[in-house]
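Below: the structure, in structure tokens.
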Amino acid sequence: MKKYIYIFKSELMTNLQYIFDIIVGFISYCIMIFIFFNLWKYIYSDPSELINGYSMGQMIWYVIVTEILWMSLGGRQLSKKICNDVRSGNIAYNINKPYNYVGYILFSHMGLFLLKFILLTILGVVLGLIFLGSFPNISILSIVLVLISCLFATIINILLITTIALISFYIEDANPFYWLYSKVILILGTIFPIEFFPVFLQPIFKYSPIYVVSYGPAKLFVDFNWNSCIEIFILQGAYLILSILLSNFIYKKGVRKLNVNGG
Amino acid sequence: MLTEVKNQIKVNILSTKYALEREMLNKVTFVSNIIFMILNNASFIVQWVILYAIKDNIGGYSFKQVLLLWGLAAMGYGVSRFFFKNAFNLSDMINTGKLDNYLVQPKNVLLAAITSDVEVSALGDILYAYIILLIYGLSLKSFLLFTLFGITAGFILASVSVIFSSLAFWFGRVEVISNTLNSIMTNFATYPEGIFKGIIKILFYTILPLGFASYLPVQIMTNFNIYNLLVVIFIVLLFIGLAFLTFYKGLRKYSSTNLMNARV
């Protein structure tokens, strides 16, 4: 475990060198929140009106949290890196190292995620207060639980993206699979809460990754209750085990097919 | 003059053709890139179906008009990234000395640089745009206008990128700023203009010219107006001119790097 913590730390320190680039990249986050604020303001003719059980304030805070998770994840970058590692043969350098490649990817990417997550959370709270003028009614303990849930959500997301990107062992470029995965999470979990979808689809979404990587933490933040909290943590635990098994399975199977030419 | 322009266009078409042939070497990747991009774009229809189930008019746009807006945004994005992919990597090319390759060619440096590579998935955006047009309602007039506005939007996006990327000649690393501006343009392009108020609307018709790339073309397609059409064409020519002016002004300040790279 020590070596993985070292990988995490060194990645974190490396990214601190590029803090300016990271901060400038947050302009996109501000723009997205600005767009959604305007969109929901237009749709909610009365801010106290409820649409599918959500007030305008809850909808904006929901998007603020899901976008923090989404943008701090850097999924496209992660998928590109793994696909390139496989395609270029760079992955061969990792095979003979005394660590598991999936573990290396998880901890090194967490180094980037954590930095972005902290900064985006500060920015998200500031934007929420500027646009809405109020903070959701939530206790300190609940905020801590939401943060832990965000951490689990990200670990699961990184492992699922790693699994998808490792398909590159079988087809040359697995990035298109990532695009599809990202859009499913973005549309079905980031922009709208599950309650906005037809009733017959909601149970399906509840057991899909959307629930654990996006909807769950944001729902807890805007409308905390203990039943949902326990349910979300149980599902996140199940998905965590499943994603660890799946990513390691595809890596071990795929690496046997690896054929590196030249040097 | 006319022969020179014709030759230049011929060279750029050949350059795009060869870049495409290079990308087609792996057929599975080529086809999957296009198909997945179409599916990727199509997923956003879900977003608007849900929003229009709540309210039947968003920002003054009907569902069909939003479809058209999406189609034009995809077409503009596709045209700009397929034909002028390197317009979006230009600041990196300037900083790493990769422009050297194009300086020694006897044709236009800017066009040679930005047309030397293609983004295959952008073909998926273009195909998706025409699928949207089919859903919106296909007629000869809508097809011609849609194609024209797709091309003008592509020119605008590429020109804006060239203008901002060319700042690298003076200020060095501007990739983050130019990339952010490009992504801002893409993000705003798919939402109805009417939901925004105040200063942002002025930006849409100045430094973020989405008004001319998307909003005005949607208006023209739903309610044809020759005056607005001429305005769009004039603005496109203006942005192309500005892109060439900024690039060539900056090129005088260009100094290569000692980075060795091979172009294959």
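A few points about this structure:
- Residues of the range B:10-45 that are β-branched (Val, Ile, Thr), touching a Leu at 6+ places or on another chain (Cβ under 9 Å) and farther than 24 Å from A:ILE167 by Cβ: B:VAL11, B:ILE45.
- Being within 30 Å of A:VAL255 (Cβ to Cβ), of a type outside the set (Gly, Ala, Ser) and touching a residue at least 40 places away in the same chain (Cβ under 8 Å) is true of A:PHE152.
- Looking across A:PHE131, A:PHE113, A:PHE117, one residue alone is over 16 Å from the mean Cα position of the chain (by Cα) and buried (at least 16 other Cβ atoms within 10 Å of the Cβ). It is A:PHE131.
- The range B:47-63: number of residues that are assigned to a helix (DSSP H, G or I) and facing another protein chain (nearest Cβ under 9 Å): 5
- Checked against (1) within 23 Å of B:VAL118 (Cβ to Cβ); (2) within 9 Å of another protein chain (Cβ to nearest Cβ); (3) in contact (Cβ under 8 Å) with a residue 60 or more places away in the chain, B:PHE44 passes all but a single condition, namely (1).
- Subset tally (residues that are facing chain A (nearest Cβ under 9 Å), within 16 Å of B:VAL118 (Cβ to Cβ) and assigned to a helix (DSSP H, G or I)) for the range B:22-31: 1
- Where B:PHE224 falls short, out of the listed (1) in a loop (DSSP other than H, G, I, E, B); (2) out of contact with any Lys or Arg (no Cβ under 9 Å at 6 or more places or on another chain): (2)
- Residue within the range A:135-152 that is closer than 29 Å to A:VAL24 by Cβ, more than 14 Å from every other protein chain (Cβ to nearest Cβ), of a type outside the set (A, V, I, L, M) and surrounded by fewer than 14 Cβ atoms within 10 Å (Cβ to Cβ) present: yes
- Subset of the range B:196-210 [part of a helix (DSSP H, G or I) and crowded, with 20+ Cβ neighbours inside 10 Å]: B:PHE204, B:LEU210
A quick yes/no check of all residues on (1) at pLDDT below 95; (2) of a type in the set (A, V, I, L, M):
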site: B:SER166; (1), (2): yes, no
site: B:SER183; (1), (2): yes, no
site: B:ILE195; (1), (2): yes, yes
site: B:LEU230; (1), (2): no, yes
site: B:ILE240; (1), (2): no, yes
site: B:TYR254; (1), (2): yes, no
site: B:LEU259; (1), (2): yes, yes
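- Of all residues in the range A:121-145, none that is on the phi > 0 side of the Ramachandran plot has its Cβ atom under 7 Å from the Cβ atom of a residue that is among the polar types (S, T, N, Q), 6 or more apart or on another chain.
- Among residues of the range B:85-131, those that are at pLDDT below 85 and among the aliphatic types (A, V, I, L, M), counted: 1
- Residues of the range A:74-99 satisfying the condition of being surrounded by fewer than 19 Cβ atoms within 10 Å (Cβ to Cβ), more than 14 Å from chain B (Cβ to nearest Cβ) and under 23 Å from A:ASN175 (Cβ atoms): A:LYS81, A:SER88, A:GLY89, A:ASN90, A:ALA92, A:TYR93, A:ASN94, A:ILE95
- So A:MET32, is it touching a residue at least 40 places away in the same chain (Cβ under 8 Å), within 12 Å of chain B (Cβ to nearest Cβ) and part of a helix (DSSP H, G or I): no
- Within the range A:186-203, if we keep just the residues that are within 21 Å of B:LEU51 (Cβ to Cβ) and either more than 14 Å from chain B (Cβ to nearest Cβ) or aromatic (Phe, Trp, Tyr) (or both), the residue that is surrounded by the most Cβ atoms within 10 Å (Cβ to Cβ) turns out to be A:PHE192.
- If only residues of the range A:153-185 that are under 26 Å from A:VAL63 (Cβ atoms) and β-branched (Val, Ile, Thr) are counted, the one that is farthest from the other protein chains (Cβ to nearest Cβ) is A:ILE155.
- Counted residues, the range A:156-180 - those being part of a helix (DSSP H, G or I) and either β-branched (Val, Ile, Thr) or free of Cβ contacts under 8 Å to residues at least 60 places away in the same chain (or both): 11
- Condition check for A:MET71: without any contact (Cβ under 8 Å) to a residue 40 or more places away in the chain, touching a helix residue (DSSP H, G or I) at 6+ places or on another chain (Cβ under 8 Å) and either in a helix (DSSP H, G or I) or more than 10 Å from chain B (Cβ to nearest Cβ) (or both): no
- Qualifying positions in the range B:12-33 - more than 18 Å from A:LYS80 (Cβ to Cβ) and crowded, with 19+ Cβ neighbours inside 10 Å: B:ASN12, B:SER15, B:ALA19
- Taken together, B:ALA42, B:ALA74, B:ALA19 contain a single residue that is out of contact with any Phe, Trp or Tyr (no Cβ under 8 Å at 6 or more places or on another chain), closer than 25 Å to A:PHE177 by Cβ and either of a type outside the set (Ser, Thr, Tyr) or part of a helix (DSSP H, G or I) (or both), which is B:ALA19.
- Whichever residue in the range B:161-195 is outside any helix (DSSP H, G or I) and of a type outside the set (Lys, Arg) and, among such residues, is nearest to B:SER255 (Cα to Cα): B:GLY172
- Test: A:TYR4 is surrounded by 13 or more Cβ atoms within 10 Å (Cβ to Cβ), touching a Gly at 6+ places or on another chain (Cβ under 6 Å), farther than 29 Å from B:VAL176 by Cβ and in contact (Cβ under 8 Å) with a residue 60 or more places away in the chain: yes
- Candidates in the range B:164-185 are the residues that are in contact (Cβ under 8 Å) with a residue 40 or more places away in the chain and surrounded by fewer than 16 Cβ atoms within 10 Å (Cβ to Cβ); of these, the one that is farthest from the other protein chains (Cβ to nearest Cβ) is B:TRP170.
- Considering residues of the range B:114-128 that are assigned to a loop (DSSP other than H, G, I, E, B) and away from chain A (no Cβ under 14 Å) only, the residue nearest to B:ASN101 (Cα to Cα): B:SER116
- Every listed requirement among (1) within 14 Å of chain A (Cβ to nearest Cβ); (2) closer than 30 Å to B:LYS197 by Cα; (3) within 17 Å of the chain's Cα centre (by Cα); (4) hydrophobic (A, V, I, L, M, F, W, C) is met by B:MET75 save one, (1).
The values are calculated or read from the model by the stated rules, or taken from the named source; none is laboratory data. Remember, it's a predicted structure, so these values are computed and weren't measured experimentally. Glycine also receives a Cβ, built like all others from the backbone with ideal geometry; neighbour counts cover every protein chain displayed.
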